[in-house]
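Here the structure comes first, spelled out in structure tokens, and everything after it is commentary.
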Amino acid sequence: MIKLQHKLLTIGLLTIALVGCKTYKNLEGDNNKKPNILFIMSDDHTTNAISAYGSRLANIAPTPNIDRLASEGVLMDNVFCTNSICTPSRAVIMTGEYSQNNGVKTLDDDFDKERENIAKILQKSGYQTAMIGKWHLHTEPTGFDYYNVLPGQGKYNNPLLKEKGKPWKDHNKGGEKYEGYVTDVITDQTIDWMDNSDKEKPFFLMSHHKAPHGLWEFAQRHAELFKDVDIPEPESLYTNENHGPIHGEKYGSSISSRNPGRNMLAQVTSEKWPTGPINVSGMSDKEKVSATYQKYLKDYLRTVAAIDENVGRILDYLDENGLTENTIVIYTSDQGQFLGEHDYFDKRWMYEESLRMPFVMRYPKEIKPKQRNSDMTLNVDFAPTFLDYAGVEKVPSYMQGKSFRGNLIGNTTEDWRTSMYYRYWMHMAHHYNPAHYGIRTEDYKLIFFYGLQLDSTNNSLKENYYNTPTEPYWELYDLKNDPKEMNNIYEDPKYIDIVKQLKEELLKLKEDVGDTDEIYPELMKVREKYWD
Ligand code: CA
């Protein structure tokens, strides 16, 4: 043990020495050319639907190309988002700041295009920059030499793309039509841009897919995929034990008809379902849930199949053009997604399935093949990490994340985070998730569902929000012994001391990230009543 501590200390000091002397360049060998950064991000792709991560779906729905990227580099097990919803997660990635600091707390908030962002800094540092695919930050992309982006959510078939140089106007409208399937089109555009890029300058390229975001319109070539296959079900699809609110309220959109306001059963049996409805007449309740799950998963996994094929096309292009060695390739998603676990679909919750982001990365010059890293890392860390690889020495003081470059070569510092702060603002919007915040440590997760609608900035969309507060409550999960979060043990007297410690640490994290509740008098009132 002492030996190990000594070794860790030595590694730690060595890291400080390496960083202090800025000798990363030496690690790149004799070629000091800055690396290209190719950031491929999909939308709502859970680690459970990437075979390299393992899961009940790994054998039945393999993702060989994403797996190839992981096996030639590093697979990160514990990358979490700080607010599990599309637009806010993207704003975190662009700024290196938590939602309350970058101003994008909800789907309705506009990203401030005048402010600095990661693309602007890299552009100033000699990078050529481009953004292709799903942007979803409302305002016109800035910091990019080139962009060609989907208006709003974009379409799966024959999508429109809005190109730089044309009027931006309404972010949900406009653009030129591209024939084909959206995942293929975005990859075509990504490859075209690389082909026409300045070969003397490094590039920072964001290639963002619409898939596998709902509603899941797969490519016609995948229509028969999984046709006669039974997709394995999670146990918690039918039995949820003691997961969720202690008072028995039922929140969150469901696979079954549990949530009358939003459930998959009603959606996939509707004539309006884009890939065609299923017929569940004459089935028992359980059979209906099973049929609904099969339909949802098959549609979802077919859109994933196209993503994986297109990651393969990108990797082939890099190989064929001599770009593999000096290009950092990342595959990630803006957050996770529920695939029937706890009878949920969608994301938003602080539970594992939506909190965790897939993150695989390859950089042959520095990262050895077949690495696996389980350090607790956040989307707020991405921007500082890019700056580190790009040799930008001064990380702006507003950035709240930390570079994890050293972590990927075995140099995790001793003070690396062991807990993280999460907050979801959109109280009861769209999928009936009460607003909440919480702390995740390596062993536990404590969540406070404060149940208030705060910070809805867009008045025109306010009717989408459920204005009525919900009864506040707490949840505690023992992640070591209950990794699937089946048993909310908040009221178990055995955990009184753990709860106390976690609450203290949660308050400290809130202070550290600049999200103290004092600015919300209503929330302070709720806290007074429900904190202890
Ligand atoms: Ca998303």
Sorted peptide list for 161-171, 413-423, 277-287, criterion being average Cβ within 10 angstrom, highest first: 413-423, 161-171, 277-287
Compactness relative to 2.2 N^0.38 Å, alpha carbon Rg of the range 421-530: 1.12
Backbone N within the range 390-409 under 19 Å of label point (7 Å from Lys33 Cα along the Cβ vector): 390-392
20 Å binning of all Cα-Cα separations within the chain, expressed as whole percents from 0 upward: 22, 57, 21, 0
Amide H partners (placed H, <5 Å) of Phe204, local residues excluded: Ile37, Gln128, Thr129, Ala130
In Hz, Karplus ³J(HN,Hα) per residue of the range 49-55 (6.51, -1.76, 1.60; θ = phi - 60°; x = Gly, Pro): 10, 10, 5, 4, 7, x, 2
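Compute the projected area of the convex hull of the Cα atoms of the range 320-370, averaged over all viewing directions, and report it in nm² to one decimal place. Working shown, then result.
Values: hull surface 20.8 nm².
Dividing the Cα hull surface by four gives the mean projection, 5.2 nm².
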18 Å cut-off, amide nitrogen to a point 7 angstrom out along Asn158 Cα→Cβ, residues in the range 215-241: 217-221
Of all accessible heavy-atom area on the chain, the percent that carbon and sulfur account for (1.4 Å): 50 percent
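If r is the Cβ-Cβ distance from Ala223 to Lys113 and R0 is 45 Å, what FRET efficiency results, to the nearest 0.05? Kindly include the intermediate steps, with their values, before the conclusion.
Working: r = 40 Å, r/R0 = 0.88.
Plugging the Cβ-Cβ distance into 1/(1 + (r/R0)^6) gives 0.70.
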Area accessible to solvent at Asp195, 1.4 Å probe radius, in Å²: 80 Å²
Cα-centre dipole for the chain with unit charges at Cβ (Lys and Arg positive, Asp and Glu negative), debye to 20: 660 debye
Inter-part distance where the range 140-162 and the range 350-372 are each reduced to a Cα centre, Å: 26 Å
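Which whole-number percent is the relative contact order of the range 128-230 (Cα, under 8 Å, 6+ apart)?
Details: 162 pairs, mean separation 30.2, N = 103.
Computed value for the range 128-230: 29 percent relative contact order.
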Cut-off under 5 Å, modelled amide H: who pairs with Lys134 long-range: Leu150, His208, His209, Lys210
Residue-by-residue Karplus 3J(HN,Hα) for the range 132-137, coefficients 6.51, -1.76, 1.60, Hz, glycine and proline x: 10, x, 7, 9, 6, 10
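Which of the peptides 200-212, 99-111 is most tightly packed, and how do the rest follow, going by the mean number of other Cβ atoms within 10 Å of each residue? Each step should come with its number before you reach the end.
Values: 200-212: 23.3, 99-111: 21.5.
Most protected by this proxy first, the peptides run 200-212, 99-111.
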For Ala435, residues with placed amide H under 5 Å, excluding near neighbours: His427, Met428, Gly451, Leu452
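What is the sum of charges, Lys and Arg at +1 and Asp and Glu at -1, for the other residues whose Cβ falls under 10 Å from the Cβ of Pro364?
0
Tally Lys/Arg at +1 and Asp/Glu at -1 over every other residue whose Cβ is under 14 Å from the Cβ of Asp230; what's the total?
On the way: positive: Arg56, Lys227, Lys295, Lys298; negative: Asp228, Glu233, Glu287.
With Lys, Arg at +1 and Asp, Glu at -1, the net is +1.
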In sequence order, calculated HN-Hα J values of the range 357-370 (Karplus, 6.51, -1.76, 1.60; Hz; x Gly/Pro): 9, x, 7, 10, 8, 10, 8, x, 5, 10, 9, 5, x, 6
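What is the local net charge at Asp184, summed over the other residues whose Cβ is closer than 9 Å to its Cβ (Lys, Arg +1; Asp, Glu -1)? Write out the running numbers ahead of the final one.
Working: positive: Arg313; negative: Asp188, Glu309.
Its environment carries a net charge of -1.
The values are calculated or read from the model by the stated rules, or taken from the named source; none is laboratory data. As the structure is a prediction and not an experimental result, all values here were calculated from the model. Every residue, glycine among them, receives a Cβ derived from its backbone with ideal geometry; neighbour counts consider all protein chains shown. Remember, those area values only see protein heavy atoms, side chains included, never the ligands or the DNA or RNA. Shrake-Rupley method; radii C 1.70, N 1.55, O 1.52, S 1.80 Å.
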